[in-house]
Amino acid sequence: MTGYKENKEIHIDPIEAFEDNYIWLIRNDQNCIIIDPGIAAPVIACLERRNLKLIAILITHHHADHIGGVLELQEKYPHIKIFAPQKDKYNFVNIGLKNGDEINIPELQINYKIIEIPGHTQGHIAYYDMKNLFCGDTLFACGCGRIFDGTHEQMYDSLKKISNLPLDTKIYCAHEYTKKNIAFALSLNPNDMNLKQRNKSISNFKITIPSLLEEELKTNPFLNCSSLEAFKKLRDLKDQY
Ligand SMILES: [Zn+2]
């Protein structure tokens, strides 16, 4: 895949769902795709309000708060394509994706490369257009996802994989956990200047996503573990926090 092509007609907006989920909407003036619709109603409302045609749904992993709206959307918009991790089983028709696959959305002139990032779940994937990374519940702003049906080792390796992307990669995770995550990180390192600065810079914002990979590398404790053992310990601490 060639480099990122700046496309000024493309906008990326969050559709807020449940308590703290983001369903990402990638759109131009007419067409759009969405990522991880855990519920259909706010998506339908958004499409109707903006008069957008839904082209495709992209799924990062199988949890209900990421796929709960798919069947209803598929029924309402039967022409749409649905992309999902090949390793998972779904109760809707989908195109299975694995590491290194590429998908093309001609209506938006966007290509995504698929990166497998297991750990939160076994089949978890990310969508990467060489600039923006949609990484579901793997890397959060100043945190990372819990380990469900994946393993700590997988998550550790997946976070390393993400860390190796360009520093100006924009990280679009699927939950607004940033303030809680920074509070946890500060509880470990109360005098960390970068963390204090980050805490201050987001304090007036309700929506703090996307973040820059560069900022995550400076402040996210899960990207700065010296070993798998250290990562496991940190993940356990966070689970009990
Ligand atoms: Zn999840």
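Computed quantities for the displayed model
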{"quantity": "Residue check, Thr169 of a type in the set (Val, Ile, Thr), surrounded by 15 or more Cβ atoms within 10 Å (Cβ to Cβ) and more than 18 Å from Asp239 (Cβ to Cβ)", "calculated": "yes"}
{"quantity": "From the options Glu48, Glu72, residue that is farther than 26 Å from Ile162 by Cβ, surrounded by 14 or more Cβ atoms within 10 Å (Cβ to Cβ) and among the charged types (D, E, K, R)", "calculated": "Glu72"}
{"quantity": "His63 vs. criteria within 16 Å of the ligand (Cβ to nearest atom) and open to solvent by 30 Å² or more (accessible area, probe 1.4 Å)", "calculated": "yes"}
{"quantity": "Failed condition for Asn28, given (1) under 26 Å from Phe148 (Cβ atoms); (2) open to solvent by 10 Å² or more (accessible area, probe 1.4 Å); (3) away from the ligand (no atom under 16 Å from the Cβ); (4) not β-branched (Val, Ile, Thr)", "calculated": "(1)"}
{"quantity": "Residue within segment 116-126 that is surrounded by fewer than 18 Cβ atoms within 10 Å (Cβ to Cβ) and under 14 Å from the mean Cα position of the chain (by Cα) present", "calculated": "no"}
{"quantity": "Lone qualifier among Ile12, Ile35 - being touching a residue at least 60 places away in the same chain (Cβ under 8 Å), open to solvent by 10 Å² or more (accessible area, probe 1.4 Å), under 13 Å from the mean Cα position of the chain (by Cα) and under 22 Å from Leu97 (Cβ atoms)", "calculated": "Ile12"}
{"quantity": "Flag for Glu19 being within 16 Å of the ligand (Cβ to nearest atom), over 22 Å from Lys170 (Cβ atoms) and open to solvent by 80 Å² or more (accessible area, probe 1.4 Å)", "calculated": "yes"}
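This table checks each residue for (1) buried (at least 22 other Cβ atoms within 10 Å of the Cβ); (2) away from the ligand (no atom under 16 Å from the Cβ); (3) within 13 Å of the chain's Cα centre (by Cα).
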residue: Gln154; (1), (2), (3): no, no, no
residue: Tyr177; (1), (2), (3): no, no, yes
residue: Leu186; (1), (2), (3): no, yes, no
residue: Asn189; (1), (2), (3): no, yes, no
residue: Leu195; (1), (2), (3): no, yes, no
residue: Ile202; (1), (2), (3): no, yes, no
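The values are calculated or read from the model by the stated rules, or taken from the named source; none is laboratory data. In this text the structure is predicted, and so the values were computed from the model without any measurement. A quick note on method: Cβ atoms are made from the backbone with ideal geometry, for glycine too, and the neighbour counts reach across all protein chains shown. For the accessible areas, the whole protein counts, side chains as well, though only heavy atoms, and no ligand, DNA or RNA atoms are used. Shrake-Rupley method; radii C 1.70, N 1.55, O 1.52, S 1.80 Å.
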